[in-house]
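The values are calculated or read from the model by the stated rules, or taken from the named source; none is laboratory data. Being a predicted model, the structure only gives us computed values, none of them experimental. Quick reminder, even Gly has a Cβ in these numbers, built from the backbone with ideal geometry, and neighbours come from all protein chains shown.
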Amino acid sequence: MWDDVLRVAASVKGGHASGALVVGKLCSSRRQQNALASAIKEYGALRRTVYAARYLADETYRRRIGRQLNKGENVHSLKRILAYAGEGAIRRPHHEEQPSRCGA
């Protein structure tokens, strides 16, 4: 099924079909593409196994992934605080101070 898997991957990467469309078609069909769906699942399981083995074997890779996760979490918490001005509540009593707080 490798040729079919490559054809599907090229269609998604080239923008001819969206990932959601491909998944929908593969899940809805009964026979012929069922083998293709199971082949894609097996390939995904193989990729996850290779990633997990690399993650467990390489300490510098684990640290790099941890730094990226921490940076992403910090950026999201900062955006949430700034964009929503303290979780959606503007606590400035004067109307003139409220836009500056939201604009921060």
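Points to keep in mind about this one:
- Selected residue (only one of ALA57, ALA35 is surrounded by fewer than 10 Cβ atoms within 10 Å (Cβ to Cβ) and either in contact with a helix residue (DSSP H, G or I) (Cβ under 9 Å, 6 or more places away or on another chain) or at pLDDT 85 or above (or both)): ALA57
- Among the residues examined, SER28 qualifies as closer than 25 Å to MET1 by Cα, polar (S, T, N, Q) and either loosely packed, with under 11 Cβ neighbours inside 10 Å or modelled with pLDDT of 75 or more (or both).
- Being on the phi > 0 side of the Ramachandran plot, among the acidic types (Asp, Glu) and either modelled with pLDDT under 75 or assigned to a helix (DSSP H, G or I) (or both) is a condition met by at least one residue of the range 69-88.
- The condition of being of a type outside the set (S, T, N, Q) and touching a residue at least 12 places away in the same chain (Cβ under 8 Å) holds for only one of VAL23, VAL50, VAL5, that being VAL5.
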